[in-house]
Amino acid sequence: MKLTALRPILRTNHLEETIRFYTGVLGFTLAEYNETWRWASLYRDEVSIMLAGPNEHVPFEQAAFTGSFYFNTDAVDALWLQWKDKVKVCYAPETFEWEMREFAIYDNNGYILQFGQAVEMNVSLSEEA
């Protein structure tokens, strides 16, 4: 038995605006949209997400996720250059000691989206001493 994918559902009171943000700014493709259900499915490359408006099954007032959504990429700096002037920035690109270069932005609902790329840290023997 194995898990094969994770597809988060982001709740929003602004479904159409959120679809425009993910497709127009971040380059996702709208795969499916059901206005009656207030639901949409989007993808970009190997990443899939769903968006949903309020419904009778899940109480919802506003975006409230205590973590962040972390996307691995092979071009973190290119994404930063493409998006930095179009989004609200959480933090600019930084290379961390855990060998990741990453930045974070907010989507139109306030969800934190982090984008990271593995980098190799070059530590010389003289630096280790």
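Kindly indicate whether Gly67 is within 18 Å of Glu16 (Cβ to Cβ), touching a residue at least 24 places away in the same chain (Cβ under 8 Å) and assigned to a loop (DSSP other than H, G, I, E, B).
Criteria not met by Gly67.
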**Q.** Asn55, sole failed condition from (1) in a loop (DSSP other than H, G, I, E, B); (2) open to solvent by less than 50 Å² (accessible area, probe 1.4 Å); (3) over 19 Å from Gly116 (Cα atoms)
**A.** (2)
Q: Among the residues of the stretch 38-52, count how many are in contact with a Leu (Cβ under 7 Å, 6 or more places away or on another chain) and not in a strand (DSSP E or B).
A: 1
Q) Taking the stretch 1-25 as the region of interest, how many residues are in contact with a strand residue (DSSP E or B) (Cβ under 7 Å, 6 or more places away or on another chain) and either open to solvent by less than 40 Å² (accessible area, probe 1.4 Å) or free of Cβ contacts under 8 Å to residues at least 40 places away in the same chain (or both)? A) 8
**Q.** Among (1) touching a residue at least 24 places away in the same chain (Cβ under 8 Å); (2) surrounded by 13 or more Cβ atoms within 10 Å (Cβ to Cβ), the one test that Pro93 misses
**A.** (1)
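Report, by residue number, each residue of the stretch 70-84 that is charged (D, E, K, R) and either in a loop (DSSP other than H, G, I, E, B) or within 12 Å of the chain's Cα centre (by Cα) (or both). Reasoning before the result, please.
To start, the set of residues in the stretch 70-84 that are charged (D, E, K, R) comprises 74, 77, 84.
Matches in the stretch 70-84: Asp74, Lys84.
The values are calculated or read from the model by the stated rules, or taken from the named source; none is laboratory data. The shown structure was predicted, so the numbers you read here are calculated from the model rather than taken from an experiment. When we count neighbours, we look across all protein chains shown, and the Cβ atoms used for this are built from the backbone with ideal geometry, even at glycine. When the accessible area is computed, the model is the full protein with side chains, heavy atoms only, and any ligands, DNA or RNA have been set aside. Shrake-Rupley method; radii C 1.70, N 1.55, O 1.52, S 1.80 Å.
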